[in-house]
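Visitor: I have a structure here, written as structure tokens, and I will follow up with some questions on it.
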């Protein structure tokens, strides 16, 4: 798909990290961008800087997502690009003992469900609603739209404490090909990126020695990924019309250890 000012995009989680970098890259290519996020201050600031529109959206809510798409489409027209970056991570062992009391405990099930609802169901909710809107568009150069999702290498190399996160990201990988097949006759492509360790606001909070250790754990290049590298791959998945139905690792050849 050619990227220019005739094309509109929605980026979920676009107020920071991978989503922000993607929103900025799309805008730099001329695309009209709407950001879905719950961080009002940061989202408004990024949208203002790139000439886009901010929509305060909770991806776990049908009403919120519907309102976000309505606002985005009123401002920019029907999106032909959806990039799903909204997500969270919660670490806890499936079962273990409290370090202080020795009492047995298990992963809080409401937290497990929250991760699945945001990362997996939230991604599918945005895909389904965006794709339904794309169906009414005439094809451009043989396609109506492109969807890019964000999983993680934890989908394949989940570490201790990552049961919920890994399950949610593996689910995104697992639905990528079926959705691409679902939408194939309607000329909508679907792909997923599996990032490794990236220099996002979450990791930036770690101590300097922890960052150095993380850098050294990546085979080549021996550093954290930068969000612009994720954005570059996302835009290539949009531009390259033969990219469809696949999940791609972006991790510097990293394979995660158990912990």
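Okay, residues lined up against (1) modelled with pLDDT of 95 or more; (2) more than 30 Å from residue 135 (Cα to Cα); (3) within 18 Å of the chain's Cα centre (by Cα):
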site: 174; (1), (2), (3): yes, no, yes
site: 186; (1), (2), (3): yes, no, no
site: 197; (1), (2), (3): no, yes, yes
site: 210; (1), (2), (3): no, yes, no
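Visitor: Would you check if there is a residue in region 40-55 being assigned to a strand (DSSP E or B) and within 14 Å of the chain's Cα centre (by Cα)? So that I can check it myself, show each step before the final result.
Guide: Taking region 40-55 first, the residues assigned to a strand (DSSP E or B) are 53-55.
Now restrict to residues that are within 14 Å of the chain's Cα centre (by Cα): none.
No.
Visitor: Looking at the structure I just gave you, is residue 170 in a helix (DSSP H, G or I) and more than 18 Å from residue 127 (Cβ to Cβ)?
Guide: Numbers: in a helix (DSSP H, G or I): yes; more than 18 Å from residue 127 (Cβ to Cβ): no.
No, not satisfied.
Visitor: Among 128, 180, 132, 155, which is in contact with a strand residue (DSSP E or B) (Cβ under 7 Å, 6 or more places away or on another chain), within 21 Å of residue 79 (Cα to Cα) and in a helix (DSSP H, G or I)?
Guide: Values: 128 fails: in contact with a strand residue (DSSP E or B) (Cβ under 7 Å, 6 or more places away or on another chain); 132 fails: in contact with a strand residue (DSSP E or B) (Cβ under 7 Å, 6 or more places away or on another chain); 155 fails: within 21 Å of residue 79 (Cα to Cα).
None of the others qualify; the one that does is 180.
Visitor: Among the residues of region 183-195, write down those that are outside any strand (DSSP E or B) and either closer than 19 Å to residue 149 by Cα or in contact (Cβ under 8 Å) with a residue 60 or more places away in the chain (or both). Step through it out loud before you land on a result.
Guide: Within region 183-195, the first condition is being outside any strand (DSSP E or B), and the residues that meet it are 183-187.
Answer for region 183-195, where residues must be outside any strand (DSSP E or B) and either closer than 19 Å to residue 149 by Cα or in contact (Cβ under 8 Å) with a residue 60 or more places away in the chain (or both): 183, 184, 186, 187.
Per-residue answers, yes or no, for (1) in contact with a helix residue (DSSP H, G or I) (Cβ under 8 Å, 6 or more places away or on another chain); (2) not in a helix (DSSP H, G or I):
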{"residue": "74", "(1), (2)": "no, no"}
{"residue": "96", "(1), (2)": "no, yes"}
{"residue": "99", "(1), (2)": "no, yes"}
{"residue": "123", "(1), (2)": "yes, no"}
{"residue": "137", "(1), (2)": "no, yes"}
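Visitor: While we're here: Suppose we filter region 196-220 for residues that are part of a helix (DSSP H, G or I) and either surrounded by 14 or more Cβ atoms within 10 Å (Cβ to Cβ) or in contact (Cβ under 8 Å) with a residue 60 or more places away in the chain (or both); how many remain? Lay out the reasoning, then the answer.
Guide: Residues of region 196-220 part of a helix (DSSP H, G or I): 201-204, 208-217.
Subsequent filtering for residues that are either surrounded by 14 or more Cβ atoms within 10 Å (Cβ to Cβ) or in contact (Cβ under 8 Å) with a residue 60 or more places away in the chain (or both) retains 201-203, 211, 214-215, 217.
So the count comes out to 7.
Visitor: Same structure, new question: Which numbered condition trips up residue 50, out of (1) under 21 Å from residue 165 (Cβ atoms); (2) modelled with pLDDT of 95 or more?
Guide: (1)
Visitor: Scan region 30-44 residue by residue and report those that are over 20 Å from residue 2 (Cβ atoms) and either in contact with a strand residue (DSSP E or B) (Cβ under 7 Å, 6 or more places away or on another chain) or touching a residue at least 24 places away in the same chain (Cβ under 8 Å) (or both). Before the answer, list the steps.
Guide: Looking only at region 30-44, we keep the residues that are over 20 Å from residue 2 (Cβ atoms), and these are 35-44.
Hits for region 30-44 are 35, 36, 37, 38, 39, 40, 42, 43, 44.
Visitor: Let me ask something else. Could you say which residue among 72, 67, 27 is within 17 Å of residue 126 (Cβ to Cβ) and either touching a residue at least 24 places away in the same chain (Cβ under 8 Å) or crowded, with 17+ Cβ neighbours inside 10 Å (or both)? Before the answer, list the steps.
Guide: Details: 67 fails: either touching a residue at least 24 places away in the same chain (Cβ under 8 Å) or crowded, with 17+ Cβ neighbours inside 10 Å (or both); 27 fails: within 17 Å of residue 126 (Cβ to Cβ).
72 is the lone residue from the list that is within 17 Å of residue 126 (Cβ to Cβ) and either touching a residue at least 24 places away in the same chain (Cβ under 8 Å) or crowded, with 17+ Cβ neighbours inside 10 Å (or both).
Visitor: Continuing with the same structure: Can you name the residue in region 134-154 that is in contact (Cβ under 8 Å) with a residue 60 or more places away in the chain and crowded, with 22+ Cβ neighbours inside 10 Å and is also farthest from residue 105 (Cα to Cα) among such residues?
Guide: At the first step, the residues of region 134-154 found to be in contact (Cβ under 8 Å) with a residue 60 or more places away in the chain are 140-151, 153-154.
Filter once more, keeping what is crowded, with 22+ Cβ neighbours inside 10 Å: 145-151.
On the way: 145: 46, 146: 43, 147: 40, 148: 37, 149: 34, 150: 31, 151: 28 Å.
This residue is 145.
The values are calculated or read from the model by the stated rules, or taken from the named source; none is laboratory data. All figures in this text were calculated on a predicted structure; none of them were measured in a lab. Don't worry about glycine lacking a Cβ; one is built from the backbone with ideal geometry, like all the others, and counts go over all protein chains shown.
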